[in-house]
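Peer 1: This is the structure I have questions about; it appears just below.
Just so it is clear, none of the values below were taken in a lab; they were calculated from the coordinates. Note that the structure is a prediction, hence the values are computed from the model and not measured. Reconstructed Cβ throughout: ideal geometry from the backbone, glycine too, with neighbour counts over all protein chains shown.
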Amino acid sequence: MTFNESEPHYSDVRTAGSEKIAALAEAIQAHSRIAVFTGAGISTESGIPDYRGPNGVWARNAIPHIDSVQTDDASRREMWAYRREHYPLMLARRPNSGHVALADLERMGNLIAIITQNIDGLHQKAGSDPDRVIELHGSTHNLRCSTCGRVYEGSAIQQRLEDGEADPRCEFCGGPLRTATVFFGEALPPIALQTAVAVARASDLMLVIGSSLAVNPAARLPTIARENGAKVIIINREPTPQDAVADLVIHADAGPTLTGSIDLVDSMRKEASR
Ligand code: NAD
């Protein structure tokens, strides 16, 4: 199964019990500096498969090694052929109720930022302030020249691919282009990582949503938050290596869990203001 399938691939929705939804709502209500950390799991309900979940295969085709992108013309052409076919499907993906609930959380005023491992841009599409979304692995909607760094929009390069270019080159310097995402073998963008660490330190509650917490340095962020006094809540379909040290663990789907809790916070606030 690949991310180009038209229907979300999770049919067996896992719903959190009402006690857990209430506990999450109370935690959100009690904290004023919330950091959210999202992984591929928040976007599966939008039809984009995750990487390490039971159905995850997305990365097998989509993330090449940096060396092949920079030095091997054949691998780069293969990458562009894949993108030409699949980028329109990624562009068509819509935010799900989990993304929307997080945009609602931001409007409630107690969210510092969303730190995401995702490259799909769905938090911004759901209405989250782009300035409050830290993309640790970049964005598939931006491209840049490997040589001079000139930035290109995804749709502009898509047009050039569809017009027949097999290995699009920079208009300024002729260098090879690449997506502004982190390839295998590459470090995370230092400024995004630095900001994410600062947000984790400054938070009083971190919500970890849809990440297997398998890879550092991103998987260290909940530990950094906890060591600086924050509570940590994990919402994930499957167990993670950090469940034992979290303050609350909810093994359920992100969308209904977040919607249920944010709706409850909203009701609590309305009740309190009466
Ligand atoms: P991961 O694939 O390692 O883990 C995802 C976790 O989310 C799994 O443990 C799974 O059980 C859980 N999950 C799946 N659906 C869920 C749902 N509806 N609700 C709650 N939990 C759910 O993801 P990761 O930790 O983010 O690492 C994957 C890497 O691959 C990332 O670095 C990311 O850059 C990349 N990736 C991105 C996308 C995207 O942009 N949407 C998709 C796939 C992979």
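Peer 1: At a Cα cut-off below 22 Å, give the lysines reachable from Lys125, other chains included and same-chain residues fewer than 8 away excluded.
Peer 2: Filter leaves no residues.
Peer 1: How high is the relative contact order of the range 116-274? Use alpha-carbon pairs under 8 Å, at least six apart in sequence, and give a whole percent.
Peer 2: Numbers: 213 pairs, mean separation 24.0, N = 159.
Once divided by the residue count of the range 116-274, the mean separation gives 15 percent.
Peer 1: Provide Rg over Rh for the range 174-235; use the alpha carbon set for both Rg and the Kirkwood Rh (inverse mean inverse pair distance).
Peer 2: Details: Rg = 14.3 Å, Rh = 13.1 Å.
Expressed as Rg/Rh, it is 1.09.
Peer 1: In whole angstrom, note down how far apart the Cα centers of the range 198-274 and the range 83-107 are.
Peer 2: 20
Peer 1: Further, regarding this structure: Among the aspartates and glutamates, which fall within straight-line cross-link reach of Lys270, defined as a Cα-Cα distance under 19 Å, with same-chain neighbours fewer than 8 residues apart omitted?
Peer 2: Glu26, Asp104, Glu106
Peer 1: Moving on. May I ask for the net charge around Ala246, where only other residues with Cβ less than 9 Å from the Cβ of Ala246 are counted and Lys, Arg are +1 while Asp, Glu are -1? Numbers along the way, then the final one.
Peer 2: Values: positive: Arg226, Lys231; negative: Asp243, Asp247.
Cβ neighbours under 9 Å give a net charge of 0.
Peer 1: Tell me which aspartates and glutamates have Cα within less than 15 Å of Lys20's Cα, excluding those fewer than 8 residues away on the same chain?
Peer 2: Asp243, Asp247, Asp253, Asp263
Peer 1: In addition: How large, in Å, is the chain by the Kirkwood hydrodynamic radius built from its alpha-carbon pairs?
Peer 2: The answer is 19.4 Å.
Peer 1: What is the local net charge at Ala230, summed over the other residues whose Cβ is closer than 10 Å to its Cβ (Lys, Arg +1; Asp, Glu -1)? It would help to have the intermediate numbers written out before the result.
Peer 2: Numbers: positive: Arg33, Arg201, Arg226, Lys231; negative: Asp204, Glu227, Asp247.
Here the count lands on +1.
Peer 1: So, by mean Cβ neighbours within 10 angstrom, what's the order for 108-115, 263-270, 79-86, 205-212 with the highest one leading?
Peer 2: Details: 108-115: 20.5, 263-270: 14.0, 79-86: 16.4, 205-212: 26.0.
Ranking the peptides 108-115, 263-270, 79-86, 205-212 by packing returns 205-212, 108-115, 79-86, 263-270.
Peer 1: Taking the beta-carbon count within 10 Å as an exposure proxy, list Glu45, Glu153 from fewest neighbours to most.
Peer 2: Values: Glu45 21, Glu153 11.
Going from sparsest to densest Cβ surroundings: Glu153, Glu45.
Peer 1: Under the rule of -39500 (n - 2.57) per DSSP H run of 4 or more residues, summed and divided by the residues of the chain, what mean residue ellipticity at 222 nm is obtained, to the nearest 500 deg cm²/dmol? Show your work: numbers first, answer last.
Peer 2: Working: 10 runs with 108 residues, N = 274.
It lands at -12000 deg cm²/dmol.
Peer 1: May I pose another question? When you have a sec, figure out the Kirkwood radius of the range 116-274 from all distinct Cα pair distances and drop it here in Å to one decimal? Walk me through the numbers before you get to the answer.
Peer 2: On the way: mean 1/r = 0.0548 Å⁻¹.
Evaluated over the range 116-274, this radius sits at 18.2 Å.
Peer 1: Report, in order of residue number, the helices in the chain meeting two criteria: a C-alpha extent of 20 Å or more along the helix axis, and a mean Kyte-Doolittle hydropathy of at least -1.0; treat each whole DSSP H run as one helix. Display every interim value, and only then the final one.
Peer 2: Values: long enough: 73-92 (29 Å, -1.04); 254-272 (27 Å, -0.13).
Once both thresholds are applied, what remains is 254-272.
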